[in-house]
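Worksheet for the structure shown next.
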Amino acid sequence: MTFYNVQKSANDRYYKDPKTRIYYDFTTAASACSRTAQACAIKAAKMIAAWENTSQEPFRIAEFGIGEGDFAIAFNKELLKRVDSTAFEYVLFDFSKPLLDKAKKKFTDERLIGHFVCTDLANPAKFPYSKSGLFEYVITNEMYDDLPTAIACRQGKEIVEAHYGPDAKFENYIPCANKKILQFGETFPEGHHIPVPLGGMENLALIKSILRKNFGMADIFDYGFMSYREIEKEPADFWNQGLVRKYGGHLTTDVNFELLEEYAKSIGFIAGAMQQSDFIEMMTGEKLTSVELEDGWHYYTKAEIRKNRKKLEKQGYGGEYFEGKAQEDEPYYCLSLKI
Ligand SMILES: C[S@@+](CC[C@H](N)C(=O)[O-])C[C@H]1O[C@@H](n2cnc3c(N)ncnc32)[C@H](O)[C@@H]1O
């Protein structure tokens with residue numbers, strides 16, 4: 001089977017199962033640290049100020065793939081520090097009813113505004129609204145690595161697709177006939193398995209169709225890589241073996257931001273990928289350092305590094321790190337879009 005099909009059925013089952021406890025199986029950058037939510041709220045507040053000069057309508061925000069709603073709550077709280085609650089509407093989308101129900105229960109503070117919609121975001125044809133210009137800002141955190149992705153490989157001039165068993169183990173290569181994969185195949189480094197985010201590309205088309213033209217923006221956060229040069233540093237066998245990962249019952253792979261950025265531009269977006277920390281620094285104006293702790297990824301200021309030194313040392317951070325001579329390699333990126 002293609003990885004696209006194996007991943008699609010595994011993740012459908014995993015996320016829609018009421019017994020699934022996602023944050024027992026993994027952490028996400030947005031669930032571990034509220035700095036991304038703070039940065040997005042600062043951006044949204046700036047956009048709202050501009051919006052209010054041109055429109056009487058509330059500014060509409062959509063979040064895609066909300067998990068248990070932790071980012072939504074942190075973002076909402078931050079935004080409410082900056083603008084009035086009547087200034088915006090916030091709609092939360094996910095394809096898992098159990099996760100939407102859990103998130104709803106967490107919205108206990110009535111100032112936190114949220115409408116909840118259950119839909120498959122990799123399938124624009126099924127999106128329950130058809131009006132264009134429906135939202136001014138779309139945000140999504142660590143959903144793209146879960147959307148069905150093909151895994152392809154360039155062997156000389158030929159592009160093949162990697163096929164997997166239902167246990168997500170690589171089985172063999174089949175010549176690729178998918179035009180969306182072939183369109184990008186020439187640029188793939190030879191021998192490395194390349195994730196082609198077909199579900200992500202569908203989602204980008206959906207974002208394009210619902211964003212307000214000449215105003216709308218979107219920020220897509222996830223882990224992965226921003227350039228093939230990064231992955232070429234690893235021997236192909238080593239890279240290929242680590243590309244598909246299973247946490248709990250769900251299957252995830254790196255998000256190919258190089259390809260997504262190119263695709264976004266090809267469908268009419270102004271698009272730019274950057275490290276997630278660069279996005280946060282740009283919005284908050286604070287210089288930050290990335291750290292990986294037991295509970296996940298964090299962005300710390302210098303003062304926080306000093307305050308948490310003991311915890312960091314326990315985690316293996318040494319002298320070079322505290323002297324600023326060594327840095328954690330950050331695998332998190334943001335694709336910022338404008339239409
Ligand atoms: C890894 S979790 C991330 C949750 C949260 N955004 C966070 O950062 O902690 C991925 C989320 O995307 C949702 N999701 C995955 N595939 C989806 C799809 N095709 N349509 C809608 N939601 C999807 C899952 O149900 C889950 O809530």
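Bear in mind that the values in this text are calculations on the coordinates, not laboratory data. Nothing here was measured: the structure is a model prediction, and the numbers come from that model. Cβ sites come from the backbone with ideal geometry, for glycine too, and all protein chains shown count toward neighbours.
At a glance:
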quantity: Per-region count, segment 9-28, residues charged (D, E, K, R), over 18 Å from Asn123 (Cα atoms) and within 11 Å of the ligand (Cβ to nearest atom); calculated: 2
quantity: Filter result (touching a strand residue (DSSP E or B) at 6+ places or on another chain (Cβ under 9 Å) and either more than 14 Å from Tyr90 (Cα to Cα) or assigned to a loop (DSSP other than H, G, I, E, B) (or both)) within segment 108-126; calculated: Leu112, Ile113, Gly114, Cys118, Thr119, Leu121
quantity: Members of segment 71-107 found to be farther than 20 Å from Asn11 by Cα, in a strand (DSSP E or B) and among the acidic types (Asp, Glu), listed by number; calculated: Glu89
quantity: Whichever residue in segment 41-54 is more than 16 Å from Glu89 (Cβ to Cβ) and not aliphatic (A, V, I, L, M) and, among such residues, is nearest to the ligand (Cβ to nearest atom); calculated: Lys43
quantity: Tally, over segment 55-68, of residues that are within 8 Å of the ligand (Cβ to nearest atom) and not charged (D, E, K, R); calculated: 4
quantity: Test result for Glu161, more than 16 Å from the ligand (Cβ to nearest atom) and farther than 16 Å from Glu63 by Cβ; calculated: yes
quantity: Residues that are within 9 Å of the ligand (Cβ to nearest atom) and touching a residue at least 60 places away in the same chain (Cβ under 8 Å), drawn from segment 102-138; calculated: Leu121, Ala122, Asn123
quantity: Yes/no for Phe221 being surrounded by fewer than 22 Cβ atoms within 10 Å (Cβ to Cβ) and not small (Gly, Ala, Ser); calculated: no
quantity: When residues of segment 29-40 are limited to those that are within 11 Å of the ligand (Cβ to nearest atom) and not β-branched (Val, Ile, Thr), the one farthest from Leu243 (Cα to Cα); calculated: Ala37
quantity: Residue list for segment 195-235, filter: acidic (Asp, Glu) and not in a loop (DSSP other than H, G, I, E, B); calculated: Glu202, Asp219, Asp222, Glu230, Glu232
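Okay, residues lined up against (1) under 18 Å from the mean Cα position of the chain (by Cα); (2) assigned to a loop (DSSP other than H, G, I, E, B); (3) among the aliphatic types (A, V, I, L, M):
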residue	(1), (2), (3)
Gly272	yes, no, no
Asp278	yes, no, no
Lys287	no, yes, no
Val291	no, no, yes
Ala303	no, no, yes
Glu313	no, no, no
Tyr321	no, no, no
Gln327	no, yes, no
Cys334	yes, no, no
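A quick yes/no check of all residues on (1) in contact with a strand residue (DSSP E or B) (Cβ under 8 Å, 6 or more places away or on another chain); (2) aliphatic (A, V, I, L, M); (3) within 26 Å of Leu198 (Cβ to Cβ):
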{"residue": "Ser34", "(1), (2), (3)": "no, no, no"}
{"residue": "Ala37", "(1), (2), (3)": "no, yes, no"}
{"residue": "Lys46", "(1), (2), (3)": "no, no, no"}
{"residue": "Ala62", "(1), (2), (3)": "yes, yes, yes"}
